[in-house]
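Student: Got a structure for you, written out below as structure tokens; questions coming shortly.
The values are calculated or read from the model by the stated rules, or taken from the named source; none is laboratory data. Everything quoted here is computed from the prediction, not taken from an experiment. Cβ placement follows ideal geometry from the backbone for every residue including glycine, while neighbour counts extend to all protein chains displayed.
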Amino acid sequence: MLQIGDLVFDNRFARLPSAFFARQAPTALPEPYLIALNPDVAAVLGVDPAEAHRPRFAEYLAGNRLLPGAEPLAAVYAGHQFGVFVPQLGDGRAILLGEVLAADGERYEIQLKGAGPTPFSRNADGRAVLRSTIREYLAGEAMHGLGIATTRALAIVGSDQRIYREQIETAAVLTRIAPNHVRFGSFEFFHYRGQTERVAQLADFVIETQFPDWVELPDRHLRLLDMAVERTARMIAAWQAQGFVHGVMNTDNMSILGLTLDYGPYGFLDHFEAARVFNHTDRGGRYAYAMQAQVGLWNLHALAEALSSLLPQEQRETSLAKFEPLFLAAYGDLMRRKLGLRDTDLADADLVDRLLHAMQDGRVDYSCLLRGLGGFRAHDPATRAPLQALSQTPQAIDAWLDEYALRLASQGEDDAQRQTRMDAANPLYVLRTHLAERAIRQAADQRDYSEIERLRRLLAAPFTPQPGAEDYAAPPPATDVAVELSCSS
């Protein structure tokens, strides 16, 4: 295992022309201290977890001391924010240290989020608050545990430095890793400036670094768009199936590799609500749960437009037309798994739709009901009661269970085998907002970081019951007050 200072860098993004970034050293964080270390990500990188006990570890991950071989920079990009094009954005509070060769044989970019201002900070301080770093740290592990493509975080480093967002809070730096951090908006930045050669350079960079087998192919740029369409469709299908709401699907927050990127005002559904919005500034519901597939396709149209200098319109349209069938197929497969359906029936989409309507009408907890369905036995009326108890309109759930029982009977499977499969598809533990808020409050008010680690462990194995964690699998208390989330969350 490596010490953090022994990571081997090979910074391919830094070798692009200077038009793609601004070189920017991190700004020192006053008296940094380690708040959380993710041992699973440390293992991916080959970093010894014992590094957490060495003072220089926090210095490196705060940006106070530069890792040997790092070439810090802030990437430039543009983006459509709530449908409005903003011609220049960029890494305003994130600094890319470089790309490392990891223990698993892969390459990962290491980025410090909250490491101080950059030329793209737009007069902001370039810092992140403890609240937002805890939420992103946990979200990456929650999504990874669910098998959803995502960026992940190695560590959180804190400081007593006070900064203002909606209120006075303390600063923190998140160490984030991903194969790359290129966004749809990275292409938009050069397209709308008419710099078509830069669009081609960026496209070829992504291909050379991520899909080297395509380099010599004449259709490589079409393959790039097809890849983005497919991965985005599968990612959003997984979001929908697990009840996740990203909260701010601007094109600058969309990864070219189909990774869940930039966790801000996100949330997992408690009771099912198709129009659920977690971002309190999203008054029109543009990024509501039920809108995510539509917005994903809208964003892909924006990406395709940014690639128009490389691909003729017919090819772009053909690629984009693949999104809906890919999304529907992926979502259908995931929901059949969650319902324990082995084979495909054309009526399954209606069965799922009627379940969601019954859940919405009865304000049913999304995760609890789907997990509980594994224990349903058509021949045992007693197994209906726990499911009915989750709903304010139990008769609607009961009527749906009649349909479900007929569907299960058509596949003739042993109930125990079905439940085993369903338990592997329906998480017991999800990152509910009140659980994240509990960890944040203990960290901020008591300097107690144990709840962050407890949640991380649960979310890393969300399908497996863990002793003493029953409360973490329950809906929020009825007295729970909804937390307002913003882009700084």
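Student: Kindly provide the set of residues from region 376-403 that are in contact (Cβ under 8 Å) with a residue 24 or more places away in the chain and not in a loop (DSSP other than H, G, I, E, B), ordered by number. Walk me through it before giving the result.
Tutor: Of the residues in region 376-403, the ones in contact (Cβ under 8 Å) with a residue 24 or more places away in the chain are 376-378, 390-394, 396-397, 399-401, 403.
Across region 376-403, the qualifying residues are P394, A396, I397, A399, W400, L401, E403.
Student: Next question. Please go through (1) within 20 Å of the chain's Cα centre (by Cα); (2) closer than 23 Å to L435 by Cα for L297 and return the number of the only condition it doesn't satisfy.
Tutor: Result: L297 fails condition (2) only.
Student: Mind listing just one residue for me: the one in region 148-181 that is farther than 15 Å from D40 by Cα and among the hydroxyl-bearing types (S, T, Y) and, of those, surrounded by the most Cβ atoms within 10 Å (Cβ to Cβ)?
Tutor: Applying the first criterion (farther than 15 Å from D40 by Cα) to region 148-181 yields 148-149, 157-174, 179-181.
Pick out the ones that are also among the hydroxyl-bearing types (S, T, Y) and you get 159, 164, 170.
Numbers: S159: 23, Y164: 10, T170: 16.
Per the stated criteria, the residue is S159.
Student: Failed condition for A444, given (1) under 27 Å from R336 (Cα atoms); (2) among the hydrophobic types (A, V, I, L, M, F, W, C); (3) part of a helix (DSSP H, G or I), with all others met?
Tutor: With (1) under 27 Å from R336 (Cα atoms); (2) among the hydrophobic types (A, V, I, L, M, F, W, C); (3) part of a helix (DSSP H, G or I) applied to A444, the lone miss is (1).
Student: Same structure again: Which residues, counting only those in region 373-390, are surrounded by fewer than 18 Cβ atoms within 10 Å (Cβ to Cβ) and either hydrophobic (A, V, I, L, M, F, W, C) or within 20 Å of P476 (Cα to Cα) (or both)?
Tutor: A378, A382, A385, P386, Q388, A389
Student: Would you please name the residue that is surrounded by the fewest Cβ atoms within 10 Å (Cβ to Cβ), looking only at residues in region 274-321 that are more than 18 Å from C487 (Cα to Cα) and of a type in the set (S, T, N, Q)?
Tutor: The residue in question is Q313.
Student: Follow-up question, since we're still on this one. Quick one: is G145 farther than 19 Å from D252 by Cα, surrounded by fewer than 24 Cβ atoms within 10 Å (Cβ to Cβ) and not assigned by TED's automatic domain parsing to the domain that holds M254?
Tutor: On the way: farther than 19 Å from D252 by Cα: yes; surrounded by fewer than 24 Cβ atoms within 10 Å (Cβ to Cβ): yes; not assigned by TED's automatic domain parsing to the domain that holds M254: yes.
It is true that G145 is farther than 19 Å from D252 by Cα, surrounded by fewer than 24 Cβ atoms within 10 Å (Cβ to Cβ) and not assigned by TED's automatic domain parsing to the domain that holds M254.
Student: How about region 409-441: which of its residues are in a helix (DSSP H, G or I), surrounded by 20 or more Cβ atoms within 10 Å (Cβ to Cβ) and of a type in the set (A, V, I, L, M, F, W, C)?
Tutor: The answer is M422, L435, A436, A439, I440.
Student: Restricting region 252-292 to residues that are assigned to a helix (DSSP H, G or I) and touching a Leu at 6+ places or on another chain (Cβ under 9 Å), which is farthest from A78 (Cα to Cα)?
Tutor: Step one: filter region 252-292 for residues assigned to a helix (DSSP H, G or I), giving 252-253, 289-292.
Right, trim to touching a Leu at 6+ places or on another chain (Cβ under 9 Å) and you get 252-253, 289.
On the way: D252: 6, N253: 10, Y289: 25 Å.
Selected residue: Y289.
Student: Evaluate region 339-347: report whether one residue or more is touching a residue at least 40 places away in the same chain (Cβ under 8 Å), out of contact with any helix residue (DSSP H, G or I) (no Cβ under 6 Å at 6 or more places or on another chain) and surrounded by 15 or more Cβ atoms within 10 Å (Cβ to Cβ).
Tutor: Yes - at least one qualifying residue is present in region 339-347.
Student: Could you tell me whether Y108 is more than 24 Å from F190 (Cβ to Cβ), outside the structural domain of Y263 (by TED's automatic domain parsing), of a type outside the set (S, T, N, Q) and in contact (Cβ under 8 Å) with a residue 40 or more places away in the chain? Explain how you work it out, then say what you get.
Tutor: On the way: more than 24 Å from F190 (Cβ to Cβ): yes; outside the structural domain of Y263 (by TED's automatic domain parsing): yes; of a type outside the set (S, T, N, Q): yes; in contact (Cβ under 8 Å) with a residue 40 or more places away in the chain: yes.
Yes; evaluated as a whole, the condition is true for this residue.
Student: Still on this model: Would you point out the residue of region 218-233, among those that are surrounded by fewer than 20 Cβ atoms within 10 Å (Cβ to Cβ) and in contact (Cβ under 8 Å) with a residue 12 or more places away in the chain, that is nearest to V430 (Cα to Cα)? Steps first, please.
Tutor: Looking only at region 218-233, we keep the residues that are surrounded by fewer than 20 Cβ atoms within 10 Å (Cβ to Cβ), and these are 218-220, 222-223, 226-227, 230-231.
Checking which are in contact (Cβ under 8 Å) with a residue 12 or more places away in the chain leaves us with 220, 222-223, 226-227, 230-231.
Values: R220: 38, L222: 37, R223: 34, D226: 31, M227: 29, E230: 25, R231: 23 Å.
Applying the filter and picking the extreme gives R231.
Student: Let me ask another. Condition (residue is acidic (D, E) and either in contact with a helix residue (DSSP H, G or I) (Cβ under 7 Å, 6 or more places away or on another chain) or within 19 Å of F82 (Cα to Cα) (or both)) applied to region 245-256: is it met by at least one residue? Lay out the reasoning, then the answer.
Tutor: Going through region 245-256, the residues acidic (D, E) turn out to be 252.
The next check asks that each one be either in contact with a helix residue (DSSP H, G or I) (Cβ under 7 Å, 6 or more places away or on another chain) or within 19 Å of F82 (Cα to Cα) (or both); those that pass are 252.
Checked region 245-256: at least one residue is acidic (D, E) and either in contact with a helix residue (DSSP H, G or I) (Cβ under 7 Å, 6 or more places away or on another chain) or within 19 Å of F82 (Cα to Cα) (or both).
Student: On to the next question. Could you grab me the full set of residues in region 358-375 that are assigned to a helix (DSSP H, G or I) and of a type in the set (K, R)? Quick ask: steps written out before the conclusion?
Tutor: Pass one, region 358-375, residues assigned to a helix (DSSP H, G or I): 358-361, 366-375.
Within region 358-375, just R371 meets the criteria.
Student: Out of L96, L154, report the one residue that is farther than 30 Å from Q195 by Cβ, in contact (Cβ under 8 Å) with a residue 60 or more places away in the chain and not in a helix (DSSP H, G or I). Even if it seems obvious, please write down each step before you answer.
Tutor: Numbers: L96 fails: farther than 30 Å from Q195 by Cβ.
Just one listed residue meets the conditions, L154.
Student: Sticking with this structure for a sec: Looking at region 111-142, which of its residues are outside any helix (DSSP H, G or I), within 17 Å of R165 (Cα to Cα) and touching a residue at least 40 places away in the same chain (Cβ under 8 Å)? Let's see the steps before the verdict.
Tutor: Looking only at region 111-142, we keep the residues that are outside any helix (DSSP H, G or I), and these are 111-129.
Remaining after also requiring within 17 Å of R165 (Cα to Cα): 113-117, 121-129.
Passing the criteria: K113, G114, A115, G116, P117, G126, R127, A128, V129.
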